[in-house]
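The values are calculated or read from the model by the stated rules, or taken from the named source; none is laboratory data. This one's a predicted model, so the numbers in the text were calculated from it and none came from an experiment. Ideal geometry is used to build each Cβ from the backbone, glycine not excepted, and the neighbour counts take in all protein chains shown.
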Amino acid sequence: MYSSDEEVLRALRSNRQDALKHVYKTIYPSVLSYIRNNSGSEDEAQDIFQEAMIVFYQKASQEEFKLSAAIKTFVFAVSKNLWLKKLRDTKRHTDIGNYENVLTDDQSEKELTEHQEKVKTSLVNFLNELGHPCRKLLVLYYYEKKSMDEISQDMGYSNSNSAKNQKYKCLQRLKKSVPTDLLANL
């Protein structure tokens, strides 16, 4: 379709959707492969690639932007950096959140366990208050680890993007209903 990266840039600057589709089709498979091979899922790869495409599109839209490498190299590098940052942030959060290992006496451990159970029960109650569609969608995604494609089929959404949008809306509703002091104590 396009014989050079310069043609793709010109098409993007002319707001041609086929240029974005071309970039997606030619680069996404390598990003998906990289993220899957580095502890990621297809949904995470889609999210990371989408963020990388936004960065690329914003840069490419600027007339003064000049490519110093191939588009594929640029988008893949941005995707890789975003993924590595996410992995570092997740590991840091896990390390900080793993405060059970620093407890020194049985009483503190018992209090922590009781507190965690109270928080867990509270969160389950808030999840139940969301209602059936949201509760089911979040359980399928976070507890049963189903992909957005599987969830869209299970719940009758037209496609995985519809399921992803609904998941976002459900999470926003859940966040609004959970008191911030409860989340701060996790």
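Data overview
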{"read-out": "Meets criteria (among the charged types (D, E, K, R) and in contact (Cβ under 8 Å) with a residue 12 or more places away in the chain) for Lys66", "value": "no"}
{"read-out": "Check on Leu171, within 16 Å of the chain's Cα centre (by Cα) and modelled with pLDDT of 85 or more", "value": "no"}
{"read-out": "Qualifying residue in the range 60-82 (condition: of a type outside the set (Lys, Arg), outside any loop (DSSP other than H, G, I, E, B), modelled with pLDDT under 85 and within 20 Å of the chain's Cα centre (by Cα))", "value": "no"}
{"read-out": "Residue tally, condition under 16 Å from Asp47 (Cα atoms) and small (Gly, Ala, Ser), over the range 127-179", "value": "4"}
{"read-out": "Hey, Asp43 out of contact with any Phe, Trp or Tyr (no Cβ under 9 Å at 6 or more places or on another chain) and either at pLDDT 85 or above or in a helix (DSSP H, G or I) (or both) or not", "value": "no"}
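Residues are listed down the side, and each one gets a yes or a no for (1) within 24 Å of Lys91 (Cβ to Cβ); (2) crowded, with 16+ Cβ neighbours inside 10 Å; (3) assigned by TED's automatic domain parsing to the domain that holds Asp149:
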| site | (1), (2), (3) |
| --- | --- |
| Ala11 | no, yes, no |
| His22 | no, yes, no |
| Tyr28 | no, yes, no |
| Asp47 | yes, yes, no |
| Ser61 | no, no, no |
| Glu64 | no, no, no |
| Ala70 | no, no, no |
| Ser79 | yes, yes, no |
